[in-house]
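To start, the structure itself, in C-alpha cells.
The values are calculated or read from the model by the stated rules, or taken from the named source; none is laboratory data. Please read all numbers here as calculations on a predicted model, not as lab measurements. We place every Cβ from the backbone using ideal geometry, glycine too, and count neighbours over all the protein chains shown.
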Amino acid sequence: MALRTSPEIGGMGHSLRRKEDPRFIRGKGTYVDDIQLPGMLYLDIARSPYAHARIVRIDTARALAVPGVLAVITGQDLAKYNLHWMPTLMSDTQMVLPVDKVMYQAQEVAAVLATSRYAAADGAAAISVEYEPLPVVVDPRKALEPGAPVLRTDKKDRKDNRIWHWEWGDRAATDRAMAEAEVTVTQDIYIPRIHVASIETCGCVAHFDKVEDRLTVWMTTQAPHAIRTVFALVAGHVGLAEHKIRIISPDIGGGFGGKVPVYPGYVIAVAASVLTGKPVKWIEDRMENLQADSFARDYHITAQLAGRRDGTLTALRITTIADHGYTDAAANPSKFPAGLFHVCTGSYDLRAAHVAVDGVYTNKPPGGIAYRCSFRVTEAVHTIERMVDLMAHELGMDPAALRMKNFIRPDQFPYRSALGWEYDSGDYAAALRKAMDRIGYADLRREQAEKRARGELMGIGISSFTEIVGAGPSKHFDILGLKMFDSCEIRIHPTGKAIARFGTKSQGQGHETTYAQILAEELGIPAKDIKVEEGDTDTAPYGLGTYASRSTPVAGAAAAVAARKIRDKARKIAAHLLEVAEEDLVWEPGKFSVKGAPGKAKTIQEIAFAAYTDHPQGMEAGLEAVSYYDPPNLTFPFGSYICVVDIDKGTGQVHVRRFVAVDDCGNIINPMIVEGQIHGGLTMGLAPALYEEISYDESGNVQGGSFIDYLLPTAVETPRWETDKTCTPSPHHPLGAKGVGESATVGAPAAIANAVVDALWHLGVRHVDIPITPPKVWKLLRERGVTE
Amino acid sequence: MIPAAFDYHAPTSISEAAGLLASLEDAKILSGGQSLIPLMKLRLATPRHVVDINGIPGLAYVVESAGYLRIGGLTRESHLEESPLVRERHPLLHDTCRVIADPLVRNLATVGGNLAHADPANDHPATMLALGAQVVAAGTRGERVIPVASFFTGPFATALAPDEIVVEVRVPVPPPLSGGAYLKVERKVGDFATAAVAVQLTLADRGVCERAGIGLTNVGLTPIKAERAEAALIGRRPDDKAILEAARLAAEAARPSDDLRGPAEYKRDLIRVLTARALRRALERATAGR
Amino acid sequence: MHIHLTVNGQLHEADVEPRLLLVHLIRDVLRLTGTHIGCDTTHCGACTVLLDGRPVKSCTVFAVQARGRHVTTVEGLEQDGQLHPLQEAFMAEHGLQCGYCTPGMLMTGYAFLKEHPRPTEEEIRWAISGNLCRCTGYVNIVKSIQHAAAALAAPRPAGASQGGA
C-alpha cells in the first residue's frame, strides 16, 4: 500500500512513534492500583480451598478483631440487596458471594474491608469457614454421564450438567461426504485450560460519592460502557441508575480478553463503597488471578477430515465438549455460545462441514473466552491445521503441497464457507509461498531427510490460518443484547487541532497513535495534533470495547466514516471560502484546492478556523462528527507460519530453531505497531504450545495456579521471530484494514505442534496435545525405543 | 502476598546474631531472603522473629587461600557468578551459579542461604557434594567445620544447630587435570531443576580418573551423592563405556518423585542422560590445554 | 520502625512495619507508582528497582532492609528533564505496548548496560530473563537495549556535557 501522506502528517502506513510512550517510559502511567483517594479502604477476599462444598458456617470474629478491619461481607449480606448473584455475559448466572455452597477451588467466599492493604490481608487470613465437602466433578465427559451429580442445584429445572447444545452446518451432506470419502483421518484433540496472565492483574477502585449520588469505578476493563450498562441493570434496584455510574478504564496493563468479564471482586467493591460512602480498592494477587479469573480454551475435540487420495479435501466433522466451569461466563456474542468456532473449515475449500458443541458445567472457575482467541478461533484453527497436517502425512504428501492444493483461490472471494461465513478477501497461496521462500523450505526438507537418516529429530510445521475478527454485524452479533457496533466522535478545534473519542479501550495496542493516524489519513491533520481518548464512559461515545481484534475493523471504520462526514462539511466550508462550487474542489490530505488552479486552496486548518469564524450562513458552526459503525461483515486476516524444531532425544526438549510468520491484515495503519502485535501474539502462541497449562486433579485442586508452575516464557525461551507480510485489503472496510491483534496467537500453536509431530512421524507418532512438554516427548520416544 | 507480622532484629556481629538465635523462640535467619520472603508472602512461613544478618560485616568474599576457595556465607550469587577466579578455576561452580533462579534474584540470594535453606531443589548442594566442600558454621559455641556430605539431613533440614549461621563455604582447590560441569534441565529459566547433575573429575597423569564427585539435584528428599557412580569411575580411564556405566549408576541412585515437573521415571532417565553429558564436558575441561 | 533511605537521590524517612515490602514503601508510602506489582511468587520482575545500583525484585525485600541505602526507581532515570538513552531507545524501537513491565525492563537494562556496554543478543536475553512481558514477545525490548547500547557507546560531540548514564 503506497503512502498517501507525508511523514509530517503521519497517516496510514507510517511507523510513527507511539504517542502513549512518554508517560510509560517515565513510570507515569496511571494503572488502577496507582490510584489513591483520600479515605480509601481496601478489600481482600477469602477463598475456598474446596472445589465443591456446602458452607456450614463462616466465622468472622477473628477477622473483625484484626486492627484496621472494618467489616466482613458475606453472601448473606449481599443477599439482602439481591446482589449475591449476578448475570454473566452469556445470560447465565454467577455467584458474587456464595450463600449455600462453593463451586470451584479459589471461589470467593467472604470479603474483608480494612483501612490498609495489610490489615485487609490479615483479615482475610483470619476468616475461618466450616465446609461440608460435596462430590466433585472435574471431567466434563463424566459430568455428562447419567447419574453424575447435578452441579447447578440453584437452577430448579436443571436435570443435568449440559449447559447447551449447539450445532451448525449440513449434517446430512457431511455424513454423505464422510461415507463416500476415499480417505478419512480422525483425531481426538484436547486443548487444555490456559490463563491469559497479563502482567497487571485485575482490580478496581470503586468510589460512591454520597453527596453527588454518583458511583465512579476505575476498573481494569476492556469494555467500560458494557460494564456500566450491566451494573445499571444489576444494581438499578439499589439506586444505581446508568447516568449515576461512571466507569473509567485508565491505563491497562494488558487485557487479551481476561479483562472483559465482570468479576465478583468488582461487584463487592462497588457494594462496599455504596454502603460506606468511601472509596474501596480491590486488587487481586496473581494467584487469585490465575485460579479464579476467566480461563481460556478447555475444549475436548474430536475431528474428522475426509478427502480423496489425490489430496483433495472434501468434508470436516467436529464434535466438541466445552468445559465452562461452574457457569457459562464466557463473553461470546449471544447467538454463538461456541463463539466463532465454526470458522474451522479454515483456509480450505471444503464443501461440506458440520460442527456440534456441548457446553458442560464442572467444578472449576467459570469463563472460556480470553487469551487472544477471537472467540474460539484459536481452537478452530488448531483443529483444522492439525487435521490438514495429519491428512498430508497420512497420504505421504508434502503438507505445503496439500495446503496449496486446497486453498480457497483468490478468484473465489468473497467466499461463502460451508459453515456460512462470507470471507471478504484472501490470497492464501501467496502468503504460504512467501513463508516458504523466507524460511528456505526445500532446503529444510533436504536437511530433515539427512538428519533423519542419522537418527536426529528435526521437524517442520506449517499453519495457514484464516482469522475472523471485527465482531460484528448487528444482524447476528450482540453481547447481552447490546449490538456490536463501535463508535468514534471527532471534534476539530478552531486552531485545527482535534480530539477524538472512541468506544473501544486499548490495553497496549497503541490506539492513541493508530486512531490518530487513521484520522490523519482521512483529514490531513497531523497525527500529533489529534488527541485520542478512550475509556471514560462519561465522555466516550458508546462502544463494546476492545477484544477479539475488533478495534481496527469496527472503531477504525467508525473513525474513517466520521472523518469523511467532517470532510464533507469541510468541503462545503472550503467552497464557501473559495467561492466555488463543491464539485470544483479537489481533495488531497490536508487541503481542498480548486480544479485547475492549485494555488487557490484552503488547508484543513484554515477550514477549521472558518467553521467557528466564517461558516456559511444557514450551516451550523463547528466541525465535528460522530459515527456508530455497524460493520457489514467481519474481516478475515490470514497468514502462513512455518516453524522448524529440533528435538533433544535425551531430554525430550523441543527447541524452536526458526519461526517465520507471514501475516496479511489488509492495509496497515502503523507497520511497527503491527509487527509488535505479531511478536507478542506469537509468544502467546508459543506459550500454550510448549509451556502453559492449568489443570485439576480429581478433587478439583488446581495444578499450575501460580507462576511457579504456570510457565510464562522469558526472553530466553522466546525465539527471535521472523515476520513478513502480504497485503490483501478488505473490500468492505473503509480503510481496507482487517485487524491483527490475535492472528499470531491463533495461528502459532498449530505450526509448533505440526512441527513436533512432523519430527516424530516416522516413529509412528500421529498427534501430540499441547502443551508439548519434554516429559510428553520423552515418553513418546522411549515407548518407541528411541533414546540417547 | 502480604507476610504476617514479625519482630525484626538486625545484629551487627556473628556473636550477637547467634545469641539472638539461641534465645528467640521461632526465629528465622534473613540472608538473601529470596527463599524466605516468598514463603512468608504466601504465609507458608510465619516466623515470630526475623534475624537479618545482612548487617554483619566481613561475610561476603570470594578468595583462594591455603588450598581452598573460600566463599563468605553472605556472598551474593551474582558476585560468585561474576568472579573471574570462579569462572576460570572453578567452572562447575560457575555453571551452577548461572542457573540459580534468575539474574535479579541472584543479586540478593546468598551462597550460605542456598545451602542452609536446604531445599532439595536448590542447585549449590549437589555441586558442593561433587566438590567435597565444607561448611563453616558459627554459633554461640564458636565455629565448626561440617563436611558437606553430612550437612544435608532431610528436606529443608541441615546439621546446623538453631543458633548457627553459615559463615563460609570452603571448596578444595582442584588439582591440575581437573574439570567439572553442572547440567540442569528446567522447564524455563528461573525454575527449579526438573533434574540436574554436578560432576567434578580429576585425572591422574596417565589419564586414569583418580577422583570423581557426582551430585544430583532435586531427585530425592536431599541432594544425592552418587557414590556408586563415583566409585565406578575411579581407577579407570573415563572412556565411553565407563561414562555410560557411571551414568546408569547415577540414575539408580536417584530417588525422584512424580510432580508437575515430570514423572519419576523421566527424571531418573534425565539423570542418566545428564550425568553422561556432564562427565564428557568435565573431561573436556580437565584435558583442555593439555 | 523509623527508617531513612535515599530514593532517586532524595533522602526520605518513614515509619514502617518490619513486614512492609520495599515495593509497597515505594508505591504506597512514597507514591512513586512507576514500579509495578505483577505477581506474588517473585517471578515477573515488574517490581525491579536498583538497590545500591543492583537490580533487585523489590517485592522480595523488606523496606527495612533498604534503610541507609540507595534505591533507584524508573522515575530516577530521567535527569534534569533529560531522558536516559534507554528510555529514548524504548520509544524508538517500540519496546513497550501496555507499559506495565516496562519500568522493570528499564531498570534491569540500565544496570546491565553499565556492566555490559557491548552485549550480544544472547546476553541481553539472559539479562532480562527475570522480567516477564506478555505484550511484546521481547524482540523489540532486545532491540531497544541494543539501540541504547549503541547510543551510550557513541562518541559525544566535543563540548557536550558528560551528564547522563
statement: Pairing a residue in the stretch A:13-42 that is facing chain C (nearest Cβ under 7 Å) and without any contact (Cβ under 8 Å) to a residue 24 or more places away in the chain with any residue that is part of a helix (DSSP H, G or I) and among the aromatic types (Phe, Trp, Tyr), where Cβ atoms lie under 7 Å and the two sit 6 or more apart in sequence or on different chains, gives A:Ile25/C:Phe90
task: Mind listing whichever residues of the stretch A:8-47 are crowded, with 23+ Cβ neighbours inside 10 Å and on the phi > 0 side of the Ramachandran plot?
output: A:Gly10, A:Gly27
statement: Of the candidates B:Leu216, B:Leu160, B:Leu201, the one satisfying the condition of being in contact with a strand residue (DSSP E or B) (Cβ under 9 Å, 6 or more places away or on another chain), of a type in the set (A, V, I, L, M, F, W, C) and more than 30 Å from A:Ser706 (Cβ to Cβ) is B:Leu201
- request: Filter the stretch A:479-510 down to residues that are assigned to a strand (DSSP E or B) and not hydrophobic (A, V, I, L, M, F, W, C) and give me whichever is surrounded by the most Cβ atoms within 10 Å (Cβ to Cβ).
  value: A:Asp486
- prompt: Is there a residue being over 29 Å from C:Gly95 (Cβ atoms), touching a His at 6+ places or on another chain (Cβ under 6 Å) and crowded, with 20+ Cβ neighbours inside 10 Å anywhere in the stretch A:651-660?
  reply: no
- prompt: Hey, which of the strands (runs of 3 or more DSSP E) in the stretch A:271-353, taking only ones fully inside, have at least 1 residues that are closer than 20 Å to A:Leu480 by Cβ?
  reply: A:313-323
query: Out of all the residues in the stretch A:446-454, is one or more among the aliphatic types (A, V, I, L, M), surrounded by 22 or more Cβ atoms within 10 Å (Cβ to Cβ) and over 25 Å from the mean Cα position of the chain (by Cα)?
result: no
message: Tally up the residues in the stretch C:1-17 that are of a type in the set (A, V, I, L, M), over 17 Å from the mean Cα position of the chain (by Cα) and outside any loop (DSSP other than H, G, I, E, B), please.
response: 4
query: If we scan the stretch A:171-186, do we find a residue that is closer than 30 Å to A:Ile384 by Cβ and basic (Lys, Arg)?
result: yes
query: Among the residues of the stretch A:735-747, is any touching a residue at least 60 places away in the same chain (Cβ under 8 Å), surrounded by fewer than 22 Cβ atoms within 10 Å (Cβ to Cβ), not assigned by TED's automatic domain parsing to the domain that holds A:Ala562 and not in a helix (DSSP H, G or I)?
result: yes
- line: Condition set closer than 30 Å to A:Ala449 by Cα and among the hydroxyl-bearing types (Ser, Thr, Tyr), scope the stretch A:641-695, selection farthest from the other protein chains (Cβ to nearest Cβ): answer is A:Tyr641
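Every residue, every condition in (1) more than 14 Å from chain B (Cβ to nearest Cβ); (2) surrounded by fewer than 16 Cβ atoms within 10 Å (Cβ to Cβ); (3) of a type in the set (Asp, Glu), yes or no:
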site	(1), (2), (3)
A:Gln107	yes, no, no
A:Ile163	yes, no, no
A:Trp166	yes, no, no
A:Arg171	yes, yes, no
A:Thr174	yes, no, no
A:Gly203	no, no, no
message: So, in the stretch A:353-406, exactly how many residues are in contact (Cβ under 8 Å) with a residue 12 or more places away in the chain, within 18 Å of A:Ile462 (Cβ to Cβ) and over 23 Å from the mean Cα position of the chain (by Cα)?
response: 19
message: Just the residues that are surrounded by 24 or more Cβ atoms within 10 Å (Cβ to Cβ) and either assigned to a strand (DSSP E or B) or not assigned by TED's automatic domain parsing to the domain that holds A:Ile45 (or both), please, taken from the stretch A:110-135.
response: A:Ala110, A:Ala111, A:Val112, A:Leu113, A:Ala114
message: Among the listed residues A:Val768, A:Val777, identify the single one that is within 14 Å of chain B (Cβ to nearest Cβ), more than 30 Å from A:Glu522 (Cβ to Cβ) and not polar (S, T, N, Q).
response: A:Val777
statement: When C:Ala46 is run through (1) closer than 24 Å to A:Leu37 by Cβ; (2) away from chain A (no Cβ under 11 Å); (3) touching a residue at least 24 places away in the same chain (Cβ under 8 Å), the failure sits at (2)
- request: Give me a count of the residues in the stretch A:708-735 that are touching a helix residue (DSSP H, G or I) at 6+ places or on another chain (Cβ under 7 Å) and among the charged types (D, E, K, R).
  value: 3
query: Given the residues C:Gly137, C:Gly95, C:Gly130, which is the only one that is within 9 Å of chain A (Cβ to nearest Cβ) and farther than 15 Å from A:Val716 by Cα?
result: C:Gly95
query: Can you tell me which residues in the stretch C:118-155 are among the polar types (S, T, N, Q) and part of a loop (DSSP other than H, G, I, E, B)?
result: C:Thr120, C:Ser129, C:Asn131, C:Thr136
message: Pairs needed: first member in the stretch C:100-112, more than 9 Å from C:Thr48 (Cβ to Cβ) and more than 10 Å from chain A (Cβ to nearest Cβ); second member anywhere, in a helix (DSSP H, G or I) and aliphatic (A, V, I, L, M); C-beta distance under 6 Å; at least 6 residues apart or different chains.
response: C:Gly109/C:Leu86; C:Gly109/C:Ile145; C:Tyr110/C:Leu86; C:Phe112/C:Ala127
message: Take residues that are modelled with pLDDT under 95 and tell me which of the strands (runs of 3 or more DSSP E) falling wholly in the stretch A:574-647 contain 2 or more.
response: A:597-603
Single match in B:Ala126, B:Ala130, B:Ala101, B:Ala121 (criterion: over 12 Å from the mean Cα position of the chain (by Cα), more than 24 Å from B:Pro57 (Cα to Cα) and modelled with pLDDT of 95 or more): B:Ala101
query: In this structure, is A:Glu717 without any contact (Cβ under 8 Å) to a residue 60 or more places away in the chain, within 29 Å of B:Ala251 (Cα to Cα) and surrounded by 21 or more Cβ atoms within 10 Å (Cβ to Cβ)?
result: yes
query: Condition test on B:Leu249, is it in contact with a Pro (Cβ under 7 Å, 6 or more places away or on another chain), more than 14 Å from chain A (Cβ to nearest Cβ), under 20 Å from B:Leu129 (Cα atoms) and of a type outside the set (Phe, Trp, Tyr)?
result: no
message: All but one of (1) within 14 Å of another protein chain (Cβ to nearest Cβ); (2) in contact with a helix residue (DSSP H, G or I) (Cβ under 9 Å, 6 or more places away or on another chain); (3) surrounded by fewer than 24 Cβ atoms within 10 Å (Cβ to Cβ) hold for A:Met287; state the number of the condition that does not hold.
response: (2)
Filtered residues of the stretch A:667-694 (kept if of a type outside the set (A, V, I, L, M), under 17 Å from A:Asn289 (Cβ atoms) and surrounded by fewer than 24 Cβ atoms within 10 Å (Cβ to Cβ)): A:Glu693
Test: residue in the stretch A:65-75 that is of a type outside the set (Lys, Arg), within 28 Å of A:Gly277 (Cβ to Cβ) and without any contact (Cβ under 8 Å) to a residue 40 or more places away in the chain: yes
